[in-house]
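See below for the structure under consideration.
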Amino acid sequence: MTVSFHRLVQKDVSEVMRYYEEESGTRLADEFFEELMTSVNRCGENPERFHFDPCGLRRMNLPRFPFHFLYEIRRNDILILVLRHHTRHPSFGLRRK
């Protein structure tokens, strides 16, 4: 399946990477990005594998970092709507379509 991203996901990713760069340097930020992309690829291979979040979208947790992304399966693609920290308010990013 093709994976696409809501236009604001880039902002979500940039904020996380900026935080990790400031706290620990570029290596940790790069590791975060690598894990995110590996998770996105896994999601694209088997999108129905991951559970539904209470909001009704599917959720994939990153294994090492306290972040997850929410996505929906469309006809022939997956749309990732938001990347957020596990403790972020549950309504963050849900208005994106």
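Readers should treat all values here as calculations from the given coordinates under stated rules, not as data from a laboratory. All values derive from a computational prediction rather than experimental measurement. Ideal geometry is used to build each Cβ from the backbone, glycine not excepted, and the neighbour counts take in all protein chains shown.
Annotations
- In order along the range 51-60, the Karplus-derived 3J(HN,Hα) couplings, from 6.51 cos²θ - 1.76 cosθ + 1.60 at θ = phi - 60°, round to 6, 7, 7, x, 6, x, 8, 6, 10, 10 Hz, and Gly and Pro are given as x.
- Distant-in-sequence amide H partners of Val82 (H built 1.01 Å from N, under 5 Å): Leu70
- In the chain, Cα pairs under 8 Å separated by at least six residues give a relative contact order of 31 percent.
- For Phe67, the amide hydrogen comes within under 5 Å of the amide hydrogens of Leu62, His86, counting only partners 5 or more places away or on other chains and with H modelled in the peptide plane.
- Treating each Cα of the chain as one equal point scatterer and applying the Debye formula with no solvent, the log10 of I(q)/I(0) at q = 0.17 Å⁻¹ comes out as -0.72.
- Computed from point charges on the beta carbon alone (+1 for Lys and Arg, -1 for Asp and Glu), the dipole magnitude for the chain about its Cα centre is near 540 Debye.
- Within the chain, percent of DSSP bridges classed antiparallel, to nearest 5: 75
- Packing-based ranking, highest mean first, of 80-88, 8-16 given that Cβ atoms within 10 Å are counted: 80-88, 8-16
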